[in-house]
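Heads up, the thing below is written out as structure tokens.
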Amino acid sequence: MNITSIDFYMTQLNLQDTRAYEVLKAIFFLLTFLFFCFFIYFIVILLIVYFTTPHVQENPRYVLFAHMLINDTLYVIMGIFLSVFYTYVIYIPMAICYVMVTVAAVTFKVTPYNLAVMALERYIAICFPLRHVMFCTTERSYFIIGVMWFLGLLPNIADFIVLIVSVEKSFFFQHLLCRQESLMVQPLQASIRSVFSIGSLILVAIIILFTYIRVIIVAQKTNSKSSSASKASRTLMLHAIQLLLCLLSLTTSITESYNGEFVIILIVFNFLVFMCLPRLLSPLIYGIRDEVFSKCIRTMWKK
């Protein structure tokens, strides 16, 4: 094989790799679009039920659930935009990038907080039913939602302080390929992110495990598969699965450090499975399993 043939062969390989990469990008866009449509469809229906049913809005359990839907919708929207920008190599202003990354990071952290609070609400409802009305009110639900957002913002506030004292003003006026790693200029930022993320997820895991065990004990005492305690234990198990997927999402930074030609496959897999799937479970859990929502949805479809 002469040099000309070798050059032609290498050119063909490069063209095939480029086509394969373009096909993968198209598949990513298609999968993301289909998921987004499916996700938004369920979210809109459930939120319509929530905002048009007065007795549902007065239930602290459903207040927390509606907050989770809105929070997860924000996360998915930010995640899709950031993924598309990165996949198609679109450079955006640093200020806009920082706001988008902050919203995505905060909504990501708020999800497990919301799971923990909902687990505690079920725990009080099953184990201390007489005190449930006193402890779980709509006013306290709104207050707890505010606390969750404050806790979610804390590491980003610390990160921003480290950033502004470490870079020059020109850094904030540049255009960049928007990823969280692009905004990290000091090792301390990564440490803050890791400590808060791992600490929060471990604490939430302990809360969900504790409430699940306690509710299971009550369910066994009632000795009825149709009891509210049994239903609550199954809901808590689904919350645990959601949390597990959130924990596994912490491994995405390791897997995506692979710089091979098909790294886009890892990005698609991580985004759809570890980022999107836990958010899809929430509307499915309450939209299909919850009697109040399923009844309202059937009524809407009949009309």
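The values are calculated or read from the model by the stated rules, or taken from the named source; none is laboratory data. Computed from a prediction, not measured in an experiment: that's the story for all the values here. All Cβ positions, glycine included, derive from the backbone under ideal geometry; neighbour counts span all protein chains shown. Areas reflect the complete protein model, heavy atoms only, side chains present, ligands, DNA and RNA absent. Shrake-Rupley method; radii C 1.70, N 1.55, O 1.52, S 1.80 Å.
Take the conditions (1) more than 17 Å from the chain's Cα centre (by Cα); (2) within 24 Å of Leu238 (Cα to Cα); Val204 misses just one of them, which is (1). Scanning segment 40-60 for residues that are surrounded by fewer than 20 Cβ atoms within 10 Å (Cβ to Cβ) and within 19 Å of the chain's Cα centre (by Cα) turns up Ile40, Tyr41, Phe42, Val44, Leu47. For Val167, the conditions (1) part of a helix (DSSP H, G or I); (2) farther than 25 Å from Asp72 by Cα all hold with the exception of (1). Output yes when any residue across segment 181-196 is within 19 Å of Leu82 (Cβ to Cβ) and modelled with pLDDT under 80, and no when none is. Yes, segment 181-196 has at least one match.
Those helices (runs of 4 or more DSSP H) of segment 1-115 in which 3 or more residues are under 30 Å from Ile164 (Cβ atoms) and modelled with pLDDT under 80 occupy 60-87.
Somewhere in segment 252-265, is a residue modelled with pLDDT of 70 or more, open to solvent by 30 Å² or more (accessible area, probe 1.4 Å) and of a type in the set (A, V, I, L, M)?
Quick first cut of segment 252-265, residues modelled with pLDDT of 70 or more only: none.
The answer is no; no qualifying residue exists.
Screening Cys136 against (1) open to solvent by 60 Å² or more (accessible area, probe 1.4 Å); (2) over 22 Å from Val103 (Cα atoms) leaves a single unmet condition, (1). Listed by first and then second residue, the pairs with beta-carbon distance under 9 Å, at least 6 apart or on different chains, first residue in segment 121-144 and without any contact (Cβ under 8 Å) to a residue 24 or more places away in the chain, second among the acidic types (Asp, Glu), are His132/Glu121; Phe135/Glu121.
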